[in-house]
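Only one structure is covered here, and it is reproduced in the block below.
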Amino acid sequence: MSRVKEDNDLVVPGDVLFNGSNLYANQGTYEANDKIYSESIGVVRYSGQGVEVVPMSGRYIPEEGDVVIGEVSRVSYSRWTIDLNSPYDGTLGISDATEEYVDLDEDDLTDFYDVGDTVVVKIDSVSESMDVDLSMKDRRCKKLSGGRVIEIAPAKVPRVIGKGGTMVQQVNDRTDCNIIVGQNGQVWIKGDHANLAVRAIKKIEREAHTQGLTDRMAEWLDDQLEKEGDR
Amino acid sequence: MTASKEDIEWFDEEGKRVDGREKDEYRDTTMEIGVLDEADGSAMVECGNTRVVASVFGPQDLHPKHLQESDRAVIKMRYNMAPFSVDDRMRPGPNRRAKEIGLVAKRALEPVLELERFPQAGIDISMEILESDGGTRVTGITAASLALADAGIPMKGMVSAMAAGVVDDTPVLDVNGKEDKEGNADIPVAVINYEDEEESDEITLLQMDGDLTQEQVDDCISLAKRGCRDLYEEQKQTVVENYEAIRGEE
C-alpha cells in the first residue's frame, strides 16, 4: 500500500509503481499480483486516486473527442476516408460533414473535400475494433487551405500546446502565423514567418521536458525575429 | 589446418576460456537505442563481436488484409544475416534457419506485448545481424525488446536473452562462435524481466542443440538466467540514460 517511485521518475516496462491495489491503474500502467506496474517508457504521475505513466514515445491512437489534422485519402459514394497519421484511418460520413442537403446521385462529394485536402476533424467515436468515426460538427473543424503541415511526436503534443494553449498562442502572436496543433502530432502552419514558426515548434518538441520553456521560448523568438529584421 | 575437436584446449591453466573469460562471465556488451531515425523504435546491441541492429515499425496498417486479426495486432518478425556477417560470404535472402529463428524470436517476445490493444494492426520487427560470432538470436531478442520499448509499444516487462553452453563437459555462459561451433552444446534462453527479481522466472525461449547431461542442462539454464538478469539491468540503464538525456536537466 505504498508508492514505490517518486512523481516524475522515469520508468521502464516492468517497473513496480505501487504496492497494493487501492489505486486506479490508469494509462500506461497495468495491475497484477496486487501491484501496479509500468507498461511503457515514461514519466510517473501519481494523483489522489490513480497512477499513470505518461509515455515518451509511440504512435497516435485515436481517442474520442480529440481534434486532429488529417488528409483525405479516399472519396466514396457517401463518405470520406481520412488518413490520421495513425494505424487506423477515420471515416467521415456525409451527415457528419455538412448541414446542407446533399443528393448523393447528383452532387459531387469532391466539391466538399477532395483527395489530398487537409482537414481539421473531431473524433466522434472509436469502436472496440478501432473503427474511427469522424465529424465536422465542432467550431474548430474546417478544411485548411494553403500553409504546410509538419509532424511532431504525438507524446509531445501537450507541451507544444502548453497550459491552456499558452505555448502555441505565444508562437502564434510573435510570428504572425496561424498554427493549429492536432492531437495526432500534425501541426498546420500558415503565415509570414512560417519558417521561424516551424523552427520554434521543432525546438519546443526537442526541449519538451525542460522547465520554464514558455519563457525561454519567448526570449528565443524575440531574438530570432530581431536577427531576421537585421537582414 | 584446424585442430580436431579433441585437441582444442578450452581452458588454460587458470581456468580461463579461449577468449580469456571466466566460465560464468559474458562478453562485453554495449547497447544503444534510437539508432535509426525513420523507425518508430530501434536499438543496436553488441555482445563481443556479435552486433545486431533491431528496428520496429508500427503499430501500422497490415497488408495483405488476410493476415489481419480482428482482435489483436500481428507481429511480423524478420531475422536476417548480412552477407558480410560471417567469414565466408553468407548467401543473402531468407533461408530455413532464418525463418526458424524469426519464428522463435517472435514467440519469445509475444507474451510481453499488449497486442489486444491494436486490433487489425501489424507490428514489423526486424533483426539485422551485422557481425556474427555466436549468440545472434539471443542478442537479436535483447535488441528487439529494447526497440519495442523505444517504439512505445505497451509491454508487461523487458525481455532479455542469453545462451549458455557446454565445452569440454563444463557449463559456460554466453558461448562465442568457436565454442558454439566446436563445443558440446548450447542452450539459448530468453526471460521476461520485471523490476522484482523474484517474479522474473518466465522463460519464453529455450532451445537446445548438442549432447549433454541433465545436470548440465540445469546448470546451463541457471547460468543463462543469471546472465539475462544482468543484461536486463544494462537494458534498463541504457533506456534511462537515453531518455534522461532527451528530457534534459530539470
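The values are calculated or read from the model by the stated rules, or taken from the named source; none is laboratory data. Computed from a prediction, not measured in an experiment: that's the story for all the values here. Glycine gets a Cβ as well: all are built from the backbone with ideal geometry, and neighbour counts include every protein chain shown.
For (1) out of contact with any helix residue (DSSP H, G or I) (no Cβ under 6 Å at 6 or more places or on another chain); (2) surrounded by fewer than 20 Cβ atoms within 10 Å (Cβ to Cβ), each residue gets a yes or a no:
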site	(1), (2)
B:26	no, no
B:56	no, no
B:59	yes, no
B:68	yes, yes
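Is it the case, given these coordinates, that residue A:149 is touching a residue at least 24 places away in the same chain (Cβ under 8 Å) and not acidic (Asp, Glu)?
Criteria met by residue A:149.
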Task: Within segment A:199-226, tally of residues that are more than 16 Å from the chain's Cα centre (by Cα) and touching a residue at least 12 places away in the same chain (Cβ under 8 Å) - done: 13
- [ ] With respect to residue A:229, determine if the residue is farther than 20 Å from residue A:69 by Cβ and either among the acidic types (Asp, Glu) or under 22 Å from the mean Cα position of the chain (by Cα) (or both).
- [x] no
- [ ] Can you run down the residue pairs with Cβ atoms below 8 Å, 6 or more apart or on separate chains, where the first is in segment A:1-20 and on the phi > 0 side of the Ramachandran plot and the partner is modelled with pLDDT of 90 or more and assigned to a loop (DSSP other than H, G, I, E, B)?
- [x] A:14/B:156; A:14/B:157; A:14/B:194; A:14/B:195; A:20/A:34
Open item on the list: Taking the criterion of being part of a strand (DSSP E or B), within 16 Å of residue B:121 (Cα to Cα) and touching a residue at least 24 places away in the same chain (Cβ under 8 Å), would at least one residue in segment B:46-56 satisfy it?
Closed with: yes
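Residue-by-condition table, conditions (1) assigned to a loop (DSSP other than H, G, I, E, B); (2) away from every other protein chain (no Cβ under 14 Å); (3) buried (at least 22 other Cβ atoms within 10 Å of the Cβ); (4) not aromatic (Phe, Trp, Tyr):
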site: B:141; (1), (2), (3), (4): no, yes, yes, yes
site: B:148; (1), (2), (3), (4): no, no, yes, yes
site: B:152; (1), (2), (3), (4): yes, no, yes, yes
site: B:161; (1), (2), (3), (4): no, yes, yes, yes
site: B:166; (1), (2), (3), (4): no, yes, yes, yes
site: B:171; (1), (2), (3), (4): no, yes, yes, yes
site: B:178; (1), (2), (3), (4): no, yes, no, yes
site: B:181; (1), (2), (3), (4): no, yes, no, yes
site: B:188; (1), (2), (3), (4): no, yes, yes, yes
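Restricting attention to segment A:138-165, which residues are charged (D, E, K, R) and outside any loop (DSSP other than H, G, I, E, B)? Even if it seems obvious, please write down each step before you answer.
Step one: list which residues in segment A:138-165 are charged (D, E, K, R), which gives A:138-140, A:142-143, A:148, A:151, A:156, A:159, A:163.
Once the filter is applied, which keeps residues that are charged (D, E, K, R) and outside any loop (DSSP other than H, G, I, E, B), segment A:138-165 yields A:142, A:143, A:148, A:151, A:156, A:159, A:163.
Which of the following residues is within 18 Å of the chain's Cα centre (by Cα) and closer than 28 Å to residue A:42 by Cβ: B:74, B:112, B:104?
On the way: B:74 fails: within 18 Å of the chain's Cα centre (by Cα); B:104 fails: closer than 28 Å to residue A:42 by Cβ.
The match here is B:112.
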Open item on the list: Let me confirm something: among A:65, A:48, A:14, which residue is buried (at least 16 other Cβ atoms within 10 Å of the Cβ), in a loop (DSSP other than H, G, I, E, B) and small (Gly, Ala, Ser)?
Closed with: A:14
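So is residue B:73 in contact with a helix residue (DSSP H, G or I) (Cβ under 7 Å, 6 or more places away or on another chain), in contact (Cβ under 8 Å) with a residue 24 or more places away in the chain, among the small types (Gly, Ala, Ser) and within 12 Å of chain A (Cβ to nearest Cβ) or not? Spell out how you get there, then give the answer.
On the way: in contact with a helix residue (DSSP H, G or I) (Cβ under 7 Å, 6 or more places away or on another chain): yes; in contact (Cβ under 8 Å) with a residue 24 or more places away in the chain: yes; among the small types (Gly, Ala, Ser): yes; within 12 Å of chain A (Cβ to nearest Cβ): yes.
Spelling it out, residue B:73 is indeed in contact with a helix residue (DSSP H, G or I) (Cβ under 7 Å, 6 or more places away or on another chain), in contact (Cβ under 8 Å) with a residue 24 or more places away in the chain, among the small types (Gly, Ala, Ser) and within 12 Å of chain A (Cβ to nearest Cβ).
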Open item on the list: One residue is enough: does segment B:83-101 have a residue meeting the conditions part of a helix (DSSP H, G or I) and surrounded by 19 or more Cβ atoms within 10 Å (Cβ to Cβ)?
Closed with: yes
Task: Residues satisfying the stated conditions in segment B:224-248, i.e. among the hydroxyl-bearing types (Ser, Thr, Tyr) and either more than 15 Å from residue B:35 (Cα to Cα) or at pLDDT 95 or above (or both) - done: B:232, B:238
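Is at least one residue of segment A:15-27 closer than 23 Å to residue A:159 by Cα and within 10 Å of another protein chain (Cβ to nearest Cβ)?
Yes: segment A:15-27 contains one or more residues that are closer than 23 Å to residue A:159 by Cα and within 10 Å of another protein chain (Cβ to nearest Cβ).
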Task: Scope segment B:216-250; condition free of Cβ contacts under 8 Å to residues at least 60 places away in the same chain and within 13 Å of chain A (Cβ to nearest Cβ); matching residues - done: B:233, B:237, B:240, B:241, B:243, B:244, B:245, B:246, B:247, B:248, B:249, B:250
Task: Within segment A:208-231, considering residues that are part of a helix (DSSP H, G or I) and of a type in the set (A, V, I, L, M), the one surrounded by the most Cβ atoms within 10 Å (Cβ to Cβ) - done: A:221
Open item on the list: Anything in segment A:106-128 that is out of contact with any Ser or Thr (no Cβ under 6 Å at 6 or more places or on another chain) and within 30 Å of residue B:71 (Cβ to Cβ)? List them, or say none.
Closed with: A:121, A:123, A:125, A:126, A:127, A:128
Task: Filtered residue count, segment A:161-205, keeping only those that are surrounded by 19 or more Cβ atoms within 10 Å (Cβ to Cβ) and at positive phi - done: 1
Task: Positions within segment A:44-75 being of a type outside the set (S, T, N, Q) and at the interface with chain B (Cβ under 8 Å from one of its Cβ atoms), in sequence order - done: A:55, A:56, A:58, A:59, A:61
Open item on the list: Which condition from (1) outside the structural domain of residue A:137 (by TED's automatic domain parsing); (2) at pLDDT below 95 is the one that residue A:38 breaks?
Closed with: (2)
